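Asker: Sharing a structure with you now.
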Amino acid sequence: MKRLVLPALFILAGCGGGPQPADWQLDAAQSMGLFQRYYLSGDARADAEFLAARRALASTGREDLVARAELVRCAVRTASLEFDECPGFLALRPGAAPAEIAYWEYLIGKRERAAPAEPLGRLVAAGVQLRRKTIRPETIAEAVEAASTQGWRRALLAWLGVQEQRAREAGDADAAARIRRRMDLVSG
């Protein structure tokens with residue numbers, strides 16, 4: 001994810017030096033950053049920020065930039081355990097680069113890749129593993145910790161829900177109750 005998302009945002013923000021970035025670049029980078037933060041935290045403003053970023057990118061007429069934004073949205077949803085086939089990206093797939101198509105295949109569980117070290121990338125990787133049904137208990141615990149450390153309420157509740165379900169399936173009522181109390185604290 002880091003290879004696709006972070007360079008895209010730096011390109012959009014014009015952080016590589018040189019001439020002053022265009023307004024659309026600044027607007028798109030700011031809105032995409034806010035979208036990620038708001039979505040992972042469960043803030044209702046996330047959708048409006050994504051639409052603002054998409055509009056800014058669409059103003060260029062470049063399908064590849066809009067497709068990349070749709071991949072970011074799909075990745076953030078995957079980190080929060082909200083799985084779909086990334087319909088926004090599918091509509092733009094004909095204009096996407098091979099690396100973007102490969103990343104989409106990864107997000108929907110058809111391709112593997114190494115998990116990055118940064119928190120969002122780790123959550124995305126864990127979400128893909130859960131989707132593929134190859135996740136291990138320690139990876140679930142790491143995802144909970146990553147979401148907790150970042151204060152990402154939506155993602156944390158999703159991962160705690162997985163932990164609680166696993167504890168119940170294992171017959172560990174004490175662990176399930178402890179996890180439920182933590183979920184209630186996060187929700188409150």
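Asker: Under the definition of Cα pairs under 8 Å and six or more residues apart, what whole-number percent is the relative contact order of the chain?
Answerer: Reported relative contact order: 18 percent.
Asker: Rounded if a/c is under 1.5, else prolate if a/b beats b/c, else oblate: with a ≥ b ≥ c from the C-alpha gyration tensor eigenvalues square-rooted, which is the stretch 33-83?
Answerer: In terms of gyration-tensor shape, oblate.
Asker: Indicate the gyration tensor shape class of the stretch 120-188 (rounded, prolate or oblate), computed on the Cα atoms with a ≥ b ≥ c the square roots of the eigenvalues: a/c under 1.5 is rounded; otherwise a/b larger than b/c is prolate and the rest oblate.
Answerer: Oblate, since a/c reaches 1.5 and b/c is not below a/b.
Asker: Also, I was wondering about something else. What accessible surface, in Å², does a 1.4 Å probe find on D47, ignoring ligands, DNA and RNA and rounding to the nearest 10?
Answerer: 100
Asker: Rule-of-thumb check for the stretch 72-125: C-alpha Rg over 2.2 N^0.38 Å?
Answerer: In units of the globular-protein estimate, the stretch 72-125 measures up at 1.08.
Asker: How long is the gain from R93 to M183 if the chain were fully straight, where each residue apart is worth 0.36 nm and the alpha carbon distance is subtracted?
Answerer: 28.6 nm
Asker: I want to verify a result. In a Gaussian network model of the chain, Cα cutoff 10 Å, which of these has the top mean-square fluctuation: G161, G171, G88?
Answerer: The residue that fluctuates most here is G171.
Asker: Next question, about the same structure. Could you tell me how many degrees, from 0 to 90 and to the nearest 10, lie between the Cα long axis of helix 173-187 and the main elongation axis, the longest principal axis, of the Cα atoms of the chain?
Answerer: For 173-187 against the chain, the angle is about 40 degrees.
Asker: Looking at the stretch 24-83, which GluC sites (Glu not before Pro) are in a loop (DSSP not H, G, I, E or B) and have at most 16 other Cβ atoms within 10 Å?
Answerer: E82
Asker: A further question follows. Please check: in the Gaussian network model of the chain (C-alpha springs, under 10 Å), which one of S31, S59, S148 has the largest mean-square fluctuation.
Answerer: Among S31, S59, S148, the largest mean-square fluctuation in the Gaussian network model of the chain belongs to S59.
Asker: Related question: Specify the angular offset, from 0 to 90 degrees and rounded to the nearest 10, of the alpha carbon long axis of helix 63-79 from the longest principal axis of the alpha carbons in the chain.
Answerer: Rounded to the nearest ten degrees, it is 10.
The values are calculated or read from the model by the stated rules, or taken from the named source; none is laboratory data. This is a predicted model, so every value here is computed, not measured. Cβ sites come from the backbone with ideal geometry, for glycine too, and all protein chains shown count toward neighbours. Surface accessibility is based on the protein's heavy atoms, side chains included, excluding ligands, DNA and RNA. Shrake-Rupley method; radii C 1.70, N 1.55, O 1.52, S 1.80 Å.
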